[in-house]
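The values are calculated or read from the model by the stated rules, or taken from the named source; none is laboratory data. Predicted model only: the values in this text are computed from it and were never measured. Note that each Cβ is placed from the backbone with ideal geometry, even for glycine, and that neighbours are counted across all protein chains shown.
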Amino acid sequence: MVVAAELLGGLNPAQREAVETVEGPLLIVAGPGSGKTRVITHRIAWLVLGCGVRPYDILAMTFTNKAAREMGDRLGRLVGGHSDALTAGTFHSFCARLLRREGEHLGLPRNYLIYDDADQTAAIKQCLEDGGYDPRRFPPRAVLSRISRAKSVLQDSRVMAQQAQGDYFEEVCARVYRLYEELLGRNSALDFDDLLLRTAQLFREFPAVLGRYQQRYNYLMVDEFQDTNIAQYRISQMLARTHENFCVVGDPDQSIYSWRSADVRNILNFKTDYPGARVIALGQNYRSTATILNAAQGLISSNGQRLENGLFTENATGLPVQLHEAYTEDEEAGSVIAEIGRLAREEGFKPGDCAVLYRVNAQSRALEEACLSQGVKYRLVGGTRFYQRREIKDLTAYLRLLYNQQDDVSLSRIISVPPRGIGVKSIQQIGQWAASQGISMFEGMRRVAAARESGMPCPARLASRTVAAVARFAGVIDRLAALSQEVEIVKLVDLLLEESGLRKHIQESDDRPEERWENVLAYRALAQEFNAETPPDGLAGLLERTALVSQVDEYEEAEDSLTLITLHQAKGLEFPVVFIVGLEEGLLPHSRSLDSEEQVEEERRLCYVGMTRAQQRLYLLRAFRRGFRNGTTSGPAVASRFLREIPGGLVASAALGRGRAGAVAADDGRGGSIRAAALAAAAAAGPAAERLRVGDAVRHRAFGEGIVTAYDPTASDVEITVEFSGGVGAKRLLLSYAPLERLEGSGDSGLGGR
DNA sequence: TAGCGACTGGTTTTT
DNA sequence: CCAGTCGCTA
């Protein structure tokens, strides 16, 4: 607990201004490492301690639940006891809770379920089939993504249908969208996008409800504003309308979620939307060495669409960015892990200080293997997500059905887990009959059971053996659903595991039963956290948590473990030592992003985000050969264009993992060595590189023309020295990356990667 | 109905 | 390489 005045101490003028500006619209442009988190928490603390605002009146939107939790913790330390009344969370969790309270205005039952990605895909597939469309011709994922895009700009299926005129795919999507809306309604379910869409709808159609929240939340803050979508912006605008104490924080250069419908124009146009807005730029970086920051700035300056942000640092120069070119993906991973070992032995960094960042999750495999073989403890963020694991999805599907028996999607998932004699045909039969009666599938099964009980003929066309199985299943679910209103949540989970046969099914399965059971027990431990709630609430809380947690939310810094994480997930984190692997064309930038310059710019921002996570050391790696699916390669990998865009003077080539004593031989485990990589590097740089000799005239994109004065093969590349004319002087350059062009002779070949 | 083997097609990033 | 799907058999 501090006194108000102390909150402003230790802040630079811009930070201080941002903290003290509490009234009216405010845009804080916060470059990487500029103390954003500190500013946000201090600003809230200042509101409370300096301006007498109650935490209850403040709403803070964060990008992850973890960020919200941390904000709460920090605030607690600053203002003491009364911080818990603060509302902080992601848009999705805020909206989920709001709809739980207020959804009835929209006819939404209190026990609605939240569909995750897998549920959505399953539902869309169902709708495609219902609509008579071939799921091969219309991939469910593609249709879903189109629908999701419409939802995130607040379009319903009617609007989409109107706008689809003439475009067949659009028309099909609109039609499926319609069916999907109906399905969600029947199942009492909302998908991720609905949480936002329906909240916006609620606010629009029920001004009185909106009014209450406008009154309550006098002060509104939105973090990571560059990654909000239209729906999120609209919701915050509506909430802020009365007081207009609306503070948004973000950085256009770190906008990396446009594929998820985030719209960077939200931040770019904020000043236009709010002409009276103050704009404060936090320009000083406190995180990274000057070299790392300059390298990142050099890279991002290649983007055409951006606002200059004037980011600077007073930090020490630090070491050059280390560039390592590996021969294979495995050697790349091996080098990273060996270097982490060396940093631990010789430089006092712990593995916990280090993170390896990559573009796609699949890249984690080689890294994990290297960690295993070299005995480095690691922590994988993401990957096959815990909640996506089959056994967990099955268990939660049961719980969801207990919570909400309208949910046909969950029912369909678990009806044959374990197999209980109700096959695909019977399920279809029940589904059709239930639909014709306008009831849910479970209600249908219940009626089948009731008819059997009272000796009536079975209302649906089912074999008698199936009828018995259906009755048994309905009985179990009914019993458990009744119990869910009475017993505490862990008890419910235990009963469910037994009575459904799920425990037996998992433990006797031949696919890693122990591991899967461990996962179930981990989920049970999570359920423990909700045990104190009065019965139905514990289940509600557990399900909401299951649906809305992100991977980063689960991530906890572990002292001694290396972090393996995607570039996307690394946003907002920082590490003393950062490795970015896979700097190759087609991977970073990703091949799926190569068809438009806009997408490439987003990839560049992604790389920028990765680089700016580093505090002291930054390593960039690439491999010449990267395994494709079946072990074949897709030819030699071309160096990422981003490597060329980083100012050459800030980069040095590195032979990783070799200590002062040179004890650890860098070896890719297949007999290949760094030496081989060096030869490969020269080869990859093109035939002209081998022909380049001392005395040749070359042109460099930035330094101009010069003469090669030295040619030194190093561990993984060739370092050349060029004496440039025009007062530039001598520069040492890496052959494979320096944007060099040989002037005379036959070569039209640029010597850098393409 | 369930389980198995063969086959296909498809792969970014995630609240 | 992997997951999802298809068709066959018990």
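Before moving on, here are some points about what is shown:
- Any hit, the range A:46-59, residues being of a type in the set (Ser, Thr, Tyr) and either under 25 Å from A:Pro275 (Cβ atoms) or in contact with a Phe, Trp or Tyr (Cβ under 7 Å, 6 or more places away or on another chain) (or both): no
- Any hit, the range A:389-411, residues being in contact (Cβ under 8 Å) with a residue 24 or more places away in the chain, within 16 Å of DNA strand B (Cβ to nearest atom), among the small types (Gly, Ala, Ser) and out of contact with any His (no Cβ under 8 Å at 6 or more places or on another chain): no
- Check on A:Arg461, more than 37 Å from the chain's Cα centre (by Cα), over 27 Å from A:Glu544 (Cα atoms) and of a type in the set (Lys, Arg): yes
- Search result, residues across the range A:181-196 that are over 25 Å from the mean Cα position of the chain (by Cα) and outside any helix (DSSP H, G or I): A:Asn187, A:Ser188
- Filter result for the condition that a residue is at pLDDT below 80 and either within 16 Å of DNA strand C (Cβ to nearest atom) or surrounded by 15 or more Cβ atoms within 10 Å (Cβ to Cβ) (or both), over A:Val520, A:Val487, A:Val549: A:Val549
- Answer residue from the range A:630-667, given it is within 16 Å of DNA strand C (Cβ to nearest atom) and modelled with pLDDT under 55 and is surrounded by the most Cβ atoms within 10 Å (Cβ to Cβ) among those: A:Thr633
- Selection of first residues in the range A:421-441 that are within 9 Å of DNA strand B (Cβ to nearest atom) and of second residues that are among the aliphatic types (A, V, I, L, M) and part of a helix (DSSP H, G or I), restricted to Cβ pairs under 6 Å at least 6 apart or on distinct chains, gives the following pairs, ordered by first then second residue: A:Gly421/A:Ala469; A:Ile422/A:Ala469.
- A count restricted to the range A:154-172 and to residues that are of a type in the set (S, T, N, Q) and not in a helix (DSSP H, G or I) stands at 2.
- One residue alone among A:Leu98, A:Leu106, A:Leu154 is hydrophobic (A, V, I, L, M, F, W, C) and at positive phi, and that residue is A:Leu154.
- Applying the set (1) farther than 28 Å from A:Ile124 by Cβ; (2) crowded, with 19+ Cβ neighbours inside 10 Å to A:Glu453 leaves exactly one unmet item: (2).
- Qualifying residue in the range A:34-46 (condition: surrounded by fewer than 19 Cβ atoms within 10 Å (Cβ to Cβ) and at negative phi): yes
- Restricted to the range A:111-139, and to residues there that are of a type outside the set (Gly, Ala, Ser), assigned to a helix (DSSP H, G or I) and surrounded by 18 or more Cβ atoms within 10 Å (Cβ to Cβ), the residue that is nearest to DNA strand B (Cβ to nearest atom) is A:Gln120.
- Residue among A:Val172, A:Val153, A:Val143 that is within 16 Å of DNA strand C (Cβ to nearest atom), surrounded by 14 or more Cβ atoms within 10 Å (Cβ to Cβ) and farther than 19 Å from A:Leu106 by Cβ: A:Val143
- Among the residues of the range A:350-388, just one is more than 16 Å from DNA strand C (Cβ to nearest atom), of a type in the set (A, V, I, L, M) and without any contact (Cβ under 8 Å) to a residue 60 or more places away in the chain, namely A:Ala370.
- Count of the range A:90-110 residues which are away from DNA strand B (no atom under 15 Å from the Cβ) and among the β-branched types (Val, Ile, Thr): 0
- Considering the range A:61-86, and only residues there that are hydrophobic (A, V, I, L, M, F, W, C) and either over 22 Å from A:Glu574 (Cα atoms) or surrounded by fewer than 18 Cβ atoms within 10 Å (Cβ to Cβ) (or both), the residue that is nearest to DNA strand B (Cβ to nearest atom) turns out to be A:Leu86.
- Complete set of residues in the range A:108-138 that are over 28 Å from the mean Cα position of the chain (by Cα) and within 25 Å of A:Pro536 (Cα to Cα): A:Leu108, A:Pro109, A:Arg110
- So A:Ala463, is it within 12 Å of DNA strand B (Cβ to nearest atom) and surrounded by fewer than 19 Cβ atoms within 10 Å (Cβ to Cβ): yes
- If you go through the range A:366-389 and keep only what is farther than 12 Å from A:Val581 by Cβ, in a helix (DSSP H, G or I) and not hydroxyl-bearing (Ser, Thr, Tyr), you end up with A:Glu368, A:Glu369, A:Cys371, A:Leu372, A:Gln374, A:Phe386, A:Gln388.
- Within the range A:389-417, the residues that satisfy the criterion of being of a type in the set (Gly, Ala, Ser) and within 15 Å of DNA strand C (Cβ to nearest atom) are A:Ala397, A:Ser412, A:Ser416.
- Residues satisfying the stated conditions in the range A:585-610, i.e. within 12 Å of DNA strand B (Cβ to nearest atom), hydroxyl-bearing (Ser, Thr, Tyr) and buried (at least 16 other Cβ atoms within 10 Å of the Cβ): A:Ser593
- One residue stands out among those in the range A:199-219 that are touching a His at 6+ places or on another chain (Cβ under 8 Å) and not in a loop (DSSP other than H, G, I, E, B): the one that is farthest from A:Ala96 (Cα to Cα), which is A:Tyr219.
- Qualifying residue in the range A:476-496 (condition: within 18 Å of A:Tyr403 (Cβ to Cβ), in a helix (DSSP H, G or I) and without any contact (Cβ under 8 Å) to a residue 12 or more places away in the chain): yes
- Among the residues making up the range A:316-365, those that are outside any loop (DSSP other than H, G, I, E, B), within 16 Å of DNA strand B (Cβ to nearest atom) and not basic (Lys, Arg) are A:Glu329, A:Ala355, A:Val356, A:Leu357, A:Tyr358, A:Asn361, A:Ala362, A:Gln363, A:Ser364.
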